[in-house]
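Note sheet for the following structure.
Readers should treat all values here as calculations from the given coordinates under stated rules, not as data from a laboratory. Remember, it's a predicted structure, so these values are computed and weren't measured experimentally. Here Cβ is always computed from backbone atoms with ideal geometry, including for glycine, and neighbour counts include all displayed protein chains.
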Amino acid sequence: MIGLFRRLLPRQAPVLADATSRDAAPIAALHCASFHRGWSEDEVERLLLDRAVIAHRATCGSRLAGFILSRCAGGEAEILSVAVDPGRRGGGLGRDLLTLHLRRLAGVGIGAIFLEVSENNAPARRLYAKAGFREVGRRPNYYRDAGGTAHALVLRRDLP
């Protein structure tokens, strides 16, 4: 019954903004719900306090709907993690977060961005391919999950 009401009521548009250390708990919770090895609140807080880390979040009201974090060094950046609430996946929120994030990275002078993604994560691979990322390497048996191991694909995109 609740599912019916959710489909009938219009969804609140997500608000995209910089993430701060106050977002550590909800980011950690979403990270844990999204990945086999989740990050603790303390780990997330340390990242959010790091001057080399750029982070964005998407909220719907007071609820976290998604996030993206990157670490910058030497004119390059690495996307450390991206997650979207399961109820919001497939609606373009990941794309919107990634677009905002890439603009910000380009704005602070980042020339290239890297990330690793599981070869088994087809939705993420499609997102990154549409955003212009290309495979530049592989890490064999890098990810472990309930199904065993998977290779990590190392992706790169140059920024204008």
Exercise. Counting trypsin sites (Lys or Arg not before Pro) as exposed when in a DSSP loop with at most 16 other beta carbons within 10 Å, what is the longest stretch of the chain free of them?
Worked result: 90-160
Exercise. Exposure proxy check: E43, E116 ranked by fewest other beta carbons within 10 Å?
Worked result: E43, E116
Problem set entry | Neighbourhood charge, 12 Å Cβ-Cβ cut-off, centred on G66 and excluding it, Lys, Arg +1 and Asp, Glu -1 | +2
Exercise. How long, wide and thick is the stretch 16-101, going by the Cα atoms along their three principal axes, in whole angstroms, largest first?
Worked result: 36, 27, 25
Exercise. Can you work out the FRET efficiency for the pair T99 and T149, with r the C-beta to C-beta distance and R0 = 22 Å, to the nearest 0.05?
Worked result: 0.10
For this session: Between R51 and C32, with labels modelled 7 Å along Cα→Cβ, what's the label distance in nm to one decimal, could you check?
Result: 3.2 nm
Problem set entry | Charge dipole magnitude, Cβ of K and R +1, D and E -1 - the chain, Cα centre, debye nearest 20 | 600 debye
For this session: Per residue of the stretch 34-50, in order, report the coupling 6.51 cos²θ - 1.76 cosθ + 1.60 (Karplus, θ = phi - 60°) as ³J(HN,Hα) in whole Hz, putting x for Gly and Pro.
Result: 9, 10, 4, 10, x, 8, 7, 4, 5, 4, 5, 4, 4, 4, 5, 8, 6
For this session: Work out how much length N120 to R89 would gain on full extension: take 0.36 nm times their residue separation and subtract the Cα-Cα distance, in nm to one decimal.
Result: 9.5 nm
Problem set entry | Å³ per residue enclosed by the Cα convex hull of the stretch 71-160 | 99 Å³
